[in-house]
Amino acid sequence: MENKYRYFNRDISWLSFNYRVLLEAEDQSLPVFERIKFLAIHASNLEEFYKIRVAEHRAAIFGNKFHSMETGFETTEELLIQINQEAIRQQDEASRIFNQLLIPELANKNIILYKDQHTEPFHREFIRHFFEEEIFPFLQPVMIAKDEIRMFLRDNRLYTFVRLIKNGRYFYSIIKVPYSKVSRFITLPPYNGNYYMMFVEDIIAANLESIFPGFMIDQSFSIKISRDADIFVEEDNPELLAQDIIKKVKKRKLGDLSRFVYDREMPQEILDYLCDTFGFHADDLVPGGKHLNLEDLIKLPNPVGSSLTVIPPIPLRIKELDNARSFLSAIYHKDILLYYPYQSFDYLLRFLKEAAFHPEVEEIKLTQYRVAENSAVIDNLILAAKHGKKVTVFVELKARFDEENNWHTAELMKQVGIRIIYSLPKLKVHAKLALIKKRKFLRNKDLAYLSTGNFNEKTAELYADMGLFTANKDITQEIAQVFNFLEQQIEPNFRHLLVSQFNMVPSLISMIDREIQHVNAGKRGYIILKMNGIQDERMIGELYKASEAGVEIDLIIRGVCCAIPNQPFSKNIRITRIVDMFLEHSRIWYFYNSGEEQVYLSSADWLKRNLNRRVEAAFPLLSVQLKQEVISILHLQLSDNVKACWVDEELRNVRKTQETDSAPIRSQKEVFAKIENP
């Protein structure tokens, strides 16, 4: 079907991706707790979406700002209406999957999750006692009235809203559900071979008479709000930037309202009372199910065990590296490419630890965007500093939701003499780079590590990323130039790396144009781009131009995709989306180049922010063997007919179907098998 616009809207496209996540919760081939995990991820994603993207649009209304990008929305208000309609549709679908599919499936596995406060008689005494001993001491009900608001509703906190009756009059109260003192899910005594669990808010609802003596309980409902979680800082003074960011992060939960979520069973007159009391407007309202904050389901206890979940494969070891006396020496012999989480992240930790002790190593430089709490990466950098190495770490304090963790780890590193360089004004540093510098009089070359993902051992268990270890002088010298720019703003000159702010966009356009020239010369033109998102209209326009010239283009895009396929200007563009047990996070750019194939790995997506407001790095695979390994993985993903969908011209996730005579191909499992048995 022809679309009269040239681009999908970024936010509507993202909602299409999040719906694809939700579809995993409906997949009956998965164990029930794996399905519950995807339901929780969908809810968590949507919460962050409202905190950031929707909050940004709401703020833009007051500034009269909007950039339509030929997506069909003339105003921000029109876009927000469409966003809310789609979000409500997905929340309704999530409630249906939870109540009609997952709760019955849990019951089939002898796990009973009560759907409300009504319980079996054999549990009522336990619930009453548990409430009195474990919940009641932490409750602080607040009576509210329209002309007397005495309560601030916190961001993403669950509240129970209660209507009471006394002497023929209505009274209203709000109870904050305790979340730090009591688990969201309460395990009840097993009975007759079944396990039982209950939402904490349902236990509260079952005991409201104890909270409000002298009142008759009329009705109660769950409510929550989401607040603007983005922070804006003045970046003109780098010396004060860190202080300003941390100060504003602490006020994040006090941001402006971005949505008010309520149980859709709430009668209109009660909803009207809430809106009048707290000043909510119609465009603030997002109806939800009886149980809100379904992201908490990620913590639902599993009393049965591993048979109800997916156990990821143990990351593979590499015998050649395990047997090597020195990991650093092994890198001198050849480039080493690791694919997480299929292969162990421990090799990166070994790389840093060996550098910390190696007598020839003089200096270590590294970029930090998101690191794990209690990070082993940071521990190894501290170890290096304590052993006399000069260590410099560029810490990006503007990594959203990781600002405080990054600041705390930076302070730890400072205490042992590590040089910390904080965020650059107006730019985020998103490149994933480490450089090991040898003493200058030694013949041995410097070593480097370049990655598509963060220096984070926790996310490396879940995110599919690639990391390259190399001693190639052409690469290490250019990484040194990146650090010179970050430290001293010295203008670099890149021939091999593609770095945003410098040569990335012109080089990409040149490589796309080269494929067009090959087609014009009667040869094949082919491009594969694997990324988390593609939004920049200039780059999409270059792909449209290539498609019209006859270049075949396969896009493997997990999230936002503003390119529209199957149009006259994009008839040669196919879009694949893969959602499976690991988050597809690696960025891979492939250009056929008339048989002289080129492959780049990168930290960058083709979003406006990555190409224009960040420091990103893409690096070529110069080893023929490694290049072919990555190309084969790309083709495996394009062949996936189990977890892959086409994204069509209406943003639908269309399942790839198996041909009658073809075997099922689940690319993540196939990749693991390929790496295990090369």
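The values are calculated or read from the model by the stated rules, or taken from the named source; none is laboratory data. No experiment lies behind these values; they were computed from the predicted model shown. Virtual Cβ from ideal backbone geometry, glycine too; neighbours counted across all protein chains shown. Each accessible area value is taken on the protein alone, full model and side chains, heavy atoms only, with ligands, DNA and RNA left out. Shrake-Rupley method; radii C 1.70, N 1.55, O 1.52, S 1.80 Å.
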Original post:
Are any residues in region 560-575 over 15 Å from Met69 (Cβ atoms) and not in a loop (DSSP other than H, G, I, E, B), and if so, which ones?
Top reply: Ile573, Arg574, Ile575
**OP:** Show the residue pairs that are 6+ apart or on different chains and have beta-carbon atoms under 6 Å apart, the first residue being within region 251-270 and modelled with pLDDT of 85 or more, the second being among the small types (Gly, Ala, Ser).
**Re:** Ser258/Ala55; Ser258/Ser226; Arg259/Ser226; Val261/Gly288; Asp263/Ser222
Original post:
Has region 403-411 got any residue that is more than 22 Å from Ser329 (Cα to Cα), in contact with a helix residue (DSSP H, G or I) (Cβ under 6 Å, 6 or more places away or on another chain) and of a type outside the set (D, E, K, R)?
Top reply: yes
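Counting only residues that are among the hydrophobic types (A, V, I, L, M, F, W, C) and buried (at least 19 other Cβ atoms within 10 Å of the Cβ), which one in region 390-406 is farthest from Gly453 (Cα to Cα)?
Taking region 390-406 and keeping what is among the hydrophobic types (A, V, I, L, M, F, W, C), we get 391, 393-395, 397, 399, 401.
Among the residues that remain, those that are also buried (at least 19 other Cβ atoms within 10 Å of the Cβ) are: 391, 393-395, 397, 399.
Details: Val391: 21, Val393: 17, Phe394: 16, Val395: 15, Leu397: 17, Ala399: 14 Å.
Once the filter is applied, the top-ranked residue is Val391.
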Subject >> Scope region 622-638; condition under 16 Å from Ile575 (Cα atoms) and buried (at least 16 other Cβ atoms within 10 Å of the Cβ); matching residues >> reply: Leu634, Leu636, Gln637, Leu638
**OP:** State whether one or more residues within region 282-293 are within 21 Å of the chain's Cα centre (by Cα), closer than 30 Å to Tyr342 by Cα and either crowded, with 19+ Cβ neighbours inside 10 Å or at pLDDT 90 or above (or both).
**Re:** no
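Table: residues versus (1) of a type in the set (Asp, Glu); (2) open to solvent by 10 Å² or more (accessible area, probe 1.4 Å); (3) modelled with pLDDT of 95 or more; (4) closer than 15 Å to Asp296 by Cα.
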site: Asp11; (1), (2), (3), (4): yes, no, yes, no
site: Val21; (1), (2), (3), (4): no, no, yes, no
site: Pro31; (1), (2), (3), (4): no, yes, yes, no
site: Lys37; (1), (2), (3), (4): no, yes, yes, yes
site: Ala60; (1), (2), (3), (4): no, yes, no, no
Original post:
Within the set of pairs 6 or more residues apart or between chains, which connect a residue that is within 13 Å of Ile135 (Cα to Cα) and open to solvent by less than 50 Å² (accessible area, probe 1.4 Å) inside region 184-213 to a residue that is assigned to a strand (DSSP E or B) and among the small types (Gly, Ala, Ser) with Cβ atoms less than 7 Å apart?
Top reply: Glu201/Ser222; Ala205/Ser220; Leu208/Ser220
Subject >> Single residue of region 445-474 satisfying the filter (touching a Pro at 6+ places or on another chain (Cβ under 8 Å) and in a helix (DSSP H, G or I)) that is least open to solvent (accessible area, probe 1.4 Å) >> reply: Ala460
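This table checks each residue for (1) under 20 Å from the mean Cα position of the chain (by Cα); (2) of a type in the set (Lys, Arg); (3) modelled with pLDDT under 95; (4) not in a loop (DSSP other than H, G, I, E, B).
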residue: Leu601; (1), (2), (3), (4): yes, no, no, yes
residue: Leu626; (1), (2), (3), (4): no, no, no, yes
residue: Gln668; (1), (2), (3), (4): yes, no, no, yes
residue: Pro678; (1), (2), (3), (4): no, no, yes, no
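Of the residues Glu584, Glu650, Glu616, which is touching a His at 6+ places or on another chain (Cβ under 8 Å), of a type in the set (Asp, Glu) and either surrounded by 22 or more Cβ atoms within 10 Å (Cβ to Cβ) or over 19 Å from Met504 (Cβ atoms) (or both)? Reasoning before the result, please.
Values: Glu584 fails: touching a His at 6+ places or on another chain (Cβ under 8 Å); Glu650 fails: touching a His at 6+ places or on another chain (Cβ under 8 Å).
Criteria check complete, one pass: Glu616.
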Original post:
Considering only residues of region 133-146 that are open to solvent by less than 80 Å² (accessible area, probe 1.4 Å) and outside any loop (DSSP other than H, G, I, E, B), which is modelled with the lowest pLDDT?
Top reply: Ala145
Subject >> Residues that are surrounded by fewer than 21 Cβ atoms within 10 Å (Cβ to Cβ) and either among the acidic types (Asp, Glu) or not in a helix (DSSP H, G or I) (or both), drawn from region 496-514 >> reply: His496, Gln501, Phe502, Asn503, Asp513
**OP:** Scan region 106-121 for residues that are open to solvent by 80 Å² or more (accessible area, probe 1.4 Å) and outside any loop (DSSP other than H, G, I, E, B) and jot them down.
**Re:** Asn108, Pro121
